[in-house]
Amino acid sequence: MKLAARVSQVKPSLTLAIAAKAKAMKAEGIDVCSFSAGEPDFDTPAHIKAAAAKALAEGKTKYGPAPGEPKLREAIAQKLKSDNGLDYKAENVIVTNGGKHSLYNLIMALIDPGDEVIIPAPYWLSYPEMVTLAGGVSVIVNTDASTGYKITPEQLRQAITPKTKLFVLNSPSNPTGMVYTPEEIKALAQVIVDADIYVVSDEIYEKILYDGAEHLSIGSLGQEIFERTFISNGFAKAYSMTGWRLGYLAGPVEIIKATNSIQGHSTSNVCTFAQYGAIAALEESQDCVAEMLQAFTKRRQVMLERINAIPGLYCPKPDGAFYLFPDISKTGLKSLEFCDALIEEHQVAVIPGIAFGADNNIRLSYATDLATIEKGLDRLEKFVRSRI
Ligand SMILES: *Cc1c(COP(=O)(O)O)cnc(C)c1O
């Protein structure tokens with residue numbers, strides 16, 4: 001079969017492949033410690049499930065409007081106002097099949113062949129692949145531990161060309177967990193406004209913050225940046241709703257209309273009764289978010305201390321999300337070799353940094369229980385000690 005050329009241009013998701021391998025090994029009865037998961041390990045809070053179950057029982061089982069249930073779009077606009085200081089109405093919001101789909105819709109609606117999209121590395125692995133699918137060009141800007149894996153305003157300015165259309169900002173970051181400070185966000189906003197480009201702010205981890213770190217939504221800094229900002233967010237991480245496939249894009253009405261046309265011919269509306277779970281997530285108690293955060297806080301501390309106690313590994317302290325992204329260069333191994341050997345010899349699954357454009361690192365998720373963290377870190381330590 002001769003497949004379309006675009007297929008050979010995208011890589012299958014390495015994170016999904018490794019998580020699947022760890023799962024398969026577990027199914028064979030092998031004692032695997034997996035730090036590969038890109039999702040919270042908690043069940044969806046009961047009140048959210050109950051709201052969706054009620055909608056299902058009430059027969060909310062038909063097609064709905066492609067951009068989402070009006071009540072949910074309202075609730076999201078309200079959330080963006082109260083949490084993020086963004087002045088959107090329901091018409092500025094489209095409900096999508098996850099945050100991933102909101103980004104995909106945006107890139108399909110905005111990027112023409114040849115348009116450049118600036119992506120700081122380490123990056124979430126789907127960004128460049130989506131740009132490729134749209135025929136755009138990813139301009140990868142490498143960052144390292146010296147700037148906390150964050151792009152500087154100077155780096156951003158230097159990467160901008162007449163072809164630049166969009167800058168992708170992800171804070172808190174997957175894979176590094178790093179959070180841009182309000183000052184850093186302000187400086188980046190200035191560059192974006194000066195160059196008259198757009199920014200998409202992927203805020204999926206905005207609720208998962210530690211040690212008093214603050215999330216500033218870049219579009220809230222004034223009218224000029226607001227008009228150039230798209231917000232991508234969703235329910236997966238904050239409310240442990242990964243399998244529900246619920247996200248949203250917010251921005252100028254023009255982009256929402258454009259993505260609505262694309263969505264109307266591809267997926268149509270997100271599962272109707274699931275959207276009622278999302279309404280409950282936004283409108284009811286936020287205690288569940290705080291409870292999950294409390295568990296993550298403890299795990300982060302344990303995992304970070306253990307990693308930095310291993311000679312040869314180094315990990316700066318991240319302020320958000322649920323990942324650590326230690327540097328492994330002292331082991332002399334590239335990230336893929338490291339991960340292959342670690343899972344073969346010690347049955348520990350982690351993600352090679354090369355998947356995120358950083359071959360000297362690995363990503364560990366601490367969205368797992370403390371006992372697994374302790375056991376897996378014992379094994380990781382043994383492995384690293386055997387290599388240095
Ligand atoms: C998990 C994640 C998303 C969105 O996930 P969905 O399950 O599609 O909502 C978006 N961006 C980043 C960086 C993520 O880690």
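Hey, does region 339-356 have a residue that's on the phi > 0 side of the Ramachandran plot, surrounded by fewer than 24 Cβ atoms within 10 Å (Cβ to Cβ) and at pLDDT 95 or above? Yes, region 339-356 contains a residue that is on the phi > 0 side of the Ramachandran plot, surrounded by fewer than 24 Cβ atoms within 10 Å (Cβ to Cβ) and at pLDDT 95 or above. Considering the conditions (1) outside any loop (DSSP other than H, G, I, E, B); (2) of a type outside the set (Lys, Arg); (3) on the phi > 0 side of the Ramachandran plot, Gln275 is excluded by exactly one of them, (3). Against the numbered list (1) at pLDDT 95 or above; (2) surrounded by fewer than 23 Cβ atoms within 10 Å (Cβ to Cβ); (3) assigned to a helix (DSSP H, G or I); (4) not basic (Lys, Arg), Leu188 comes up short only at (2).
Taking the options Ile192, Ile225, Ile151, name whichever one is in contact with a helix residue (DSSP H, G or I) (Cβ under 6 Å, 6 or more places away or on another chain) and over 25 Å from Val289 (Cβ atoms). Show your work before the answer.
Working: Ile192 fails: in contact with a helix residue (DSSP H, G or I) (Cβ under 6 Å, 6 or more places away or on another chain); Ile151 fails: in contact with a helix residue (DSSP H, G or I) (Cβ under 6 Å, 6 or more places away or on another chain).
Step by step, each of Ile192, Ile225, Ile151 is checked, and only Ile225 is in contact with a helix residue (DSSP H, G or I) (Cβ under 6 Å, 6 or more places away or on another chain) and over 25 Å from Val289 (Cβ atoms).
Being surrounded by fewer than 20 Cβ atoms within 10 Å (Cβ to Cβ), assigned by TED's automatic domain parsing to the domain that holds Thr152, within 16 Å of the ligand (Cβ to nearest atom) and free of Cβ contacts under 8 Å to residues at least 60 places away in the same chain narrows it down to one residue among Ser201, Ser266; which is it?
After ruling out the rest, the residue left standing is Ser266.
Evaluating Ser220 against the criteria (1) assigned to a loop (DSSP other than H, G, I, E, B); (2) touching a residue at least 24 places away in the same chain (Cβ under 8 Å); (3) more than 15 Å from the ligand (Cβ to nearest atom) leaves one unmet condition, (1). Screening Ala274 on (1) out of contact with any strand residue (DSSP E or B) (no Cβ under 8 Å at 6 or more places or on another chain); (2) more than 19 Å from Leu80 (Cα to Cα); (3) surrounded by fewer than 21 Cβ atoms within 10 Å (Cβ to Cβ) shows it passes everything except condition (3). For region 67-125, the set of residues classified as away from the ligand (no atom under 16 Å from the Cβ), assigned to a loop (DSSP other than H, G, I, E, B) and more than 22 Å from Ile279 (Cβ to Cβ) consists of Ile111, Asp112, Pro113, Gly114, Asp115, listed by residue number.
Checking each residue in region 170-185 for being buried (at least 24 other Cβ atoms within 10 Å of the Cβ) and either within 23 Å of Thr132 (Cβ to Cβ) or not aliphatic (A, V, I, L, M) (or both) picks out Asn170, Ser171, Pro172, Ser173, Asn174, Pro175, Thr176, Gly177, Tyr180.
The values are calculated or read from the model by the stated rules, or taken from the named source; none is laboratory data. Every value quoted in this text rests on a predicted model; they were computed, and no experiment measured them. Neighbour counts run over all protein chains shown; Cβ positions are idealised from the backbone, glycine included.
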